[in-house]
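The values are calculated or read from the model by the stated rules, or taken from the named source; none is laboratory data. Worth saying up front: this structure is predicted, and the values here are computed from it rather than measured. Note: ideal-geometry Cβ built from the backbone for every residue, glycine included; neighbour counts use all protein chains shown.
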């Protein structure tokens, strides 16, 4: 039995893994899908000071307090920033890292450094504080089913801009070099093509999920689960 820790992306929460988590559990694994500070069921904790470092500590402390020392750490999209940071501060508790169409920063890089176009695309939430970034249109991220779009729009929450401005800390390259890493590249959209190519250059195992859009955790969970259950 493995312990999967699923880390969601921007504007999400633990809820967004609702089509992935049950299948992993049905296969006999322990699965945790926490919401990061300020998001999902923890949206009441949102604030301008919530950054990437906050979220790295969320997951590092989860591993500590749950006494997990063999985590399969899975990060989707922005969640890749988080799991990368966690690898440097809690690497001994991680058995494998899986990126799902996600950021893979090098030391000192922020999400905005990796995808610079996001700086302009991220706009304040209507009527909300200037530090809160409104959720993007999930249709632009590969979701086409109207019911799925309604489900996501009803639950997505604004996110602190600092989470994408703050760079990951030092030591991440060294940490990832000692942990098996898989990058699942959703080729149906080009957003993370360059990130996947860089992951390959770094020697990570890269698997193409041909035809899958960025939000495969919602639109193609069966295929994603099959890859998560595959040996590294």
**Message:** Residue under question is residue 64, and the condition is that it be over 12 Å from the mean Cα position of the chain (by Cα), at pLDDT below 95 and loosely packed, with under 15 Cβ neighbours inside 10 Å; does it hold?
**Reply:** no
**Message:** Six or more apart or on different chains, Cβ atoms under 6 Å: show the pairs whose first residue is in the range 94-106 and surrounded by fewer than 24 Cβ atoms within 10 Å (Cβ to Cβ) and whose second is modelled with pLDDT under 95.
**Reply:** 96/232
**Asked** Only one of (1) buried (at least 19 other Cβ atoms within 10 Å of the Cβ); (2) in contact with a strand residue (DSSP E or B) (Cβ under 9 Å, 6 or more places away or on another chain); (3) touching a residue at least 60 places away in the same chain (Cβ under 8 Å) fails for residue 36. Which number is that?
**Response** (3)
**Message:** Can you find, within the range 203-224, the residue that is farthest from the chain's Cα centre (by Cα) among those that are assigned to a helix (DSSP H, G or I) and within 21 Å of residue 84 (Cα to Cα)?
**Reply:** 224
**Asked** Would you call residue 73 in contact with a strand residue (DSSP E or B) (Cβ under 9 Å, 6 or more places away or on another chain) and in contact (Cβ under 8 Å) with a residue 40 or more places away in the chain?
**Response** yes
**Message:** Of the conditions (1) farther than 28 Å from residue 42 by Cβ; (2) assigned to a helix (DSSP H, G or I), residue 119 satisfies every one except a single condition; which number is it?
**Reply:** (1)
**Asked** Among 200, 196, 140, which is over 21 Å from residue 88 (Cα atoms) and not in a loop (DSSP other than H, G, I, E, B)?
**Response** 140
**Looking only at the range 165-178, and only at residues there that are over 16 Å from the mean Cα position of the chain (by Cα) and assigned to a loop (DSSP other than H, G, I, E, B), the one that is surrounded by the most Cβ atoms within 10 Å (Cβ to Cβ)** = 169
**Residue within the range 145-164 that is over 24 Å from residue 58 (Cα atoms) and either part of a loop (DSSP other than H, G, I, E, B) or touching a strand residue (DSSP E or B) at 6+ places or on another chain (Cβ under 6 Å) (or both) present** = yes
**Request:** Looking at (1) over 24 Å from residue 225 (Cα atoms); (2) out of contact with any helix residue (DSSP H, G or I) (no Cβ under 8 Å at 6 or more places or on another chain), find the lone condition where residue 147 falls short.
**Result:** (1)
**Message:** Out of 86, 82, I need the residue that is assigned to a helix (DSSP H, G or I) and in contact with a strand residue (DSSP E or B) (Cβ under 6 Å, 6 or more places away or on another chain). Which one?
**Reply:** 82
**Asked** Only one residue in 96, 106, 42 is more than 13 Å from the chain's Cα centre (by Cα), modelled with pLDDT of 95 or more and in a strand (DSSP E or B), so which one is that?
**Response** 96
**Item:** In the range 124-144, the residues that are more than 19 Å from the chain's Cα centre (by Cα) and surrounded by 11 or more Cβ atoms within 10 Å (Cβ to Cβ)
**Value:** 124, 125, 128, 129, 131, 144
**Asked** In this structure, is residue 79 out of contact with any helix residue (DSSP H, G or I) (no Cβ under 8 Å at 6 or more places or on another chain) and either more than 16 Å from residue 158 (Cβ to Cβ) or buried (at least 24 other Cβ atoms within 10 Å of the Cβ) (or both)?
**Response** yes
**Fill in**
Exactly one of 205, 161 is out of contact with any helix residue (DSSP H, G or I) (no Cβ under 6 Å at 6 or more places or on another chain) and within 27 Å of residue 49 (Cα to Cα), and that one is 161
**Prompt:** Exactly one of (1) assigned to a helix (DSSP H, G or I); (2) modelled with pLDDT under 95 is unmet by residue 128. Its number?
**Reply:** (1)
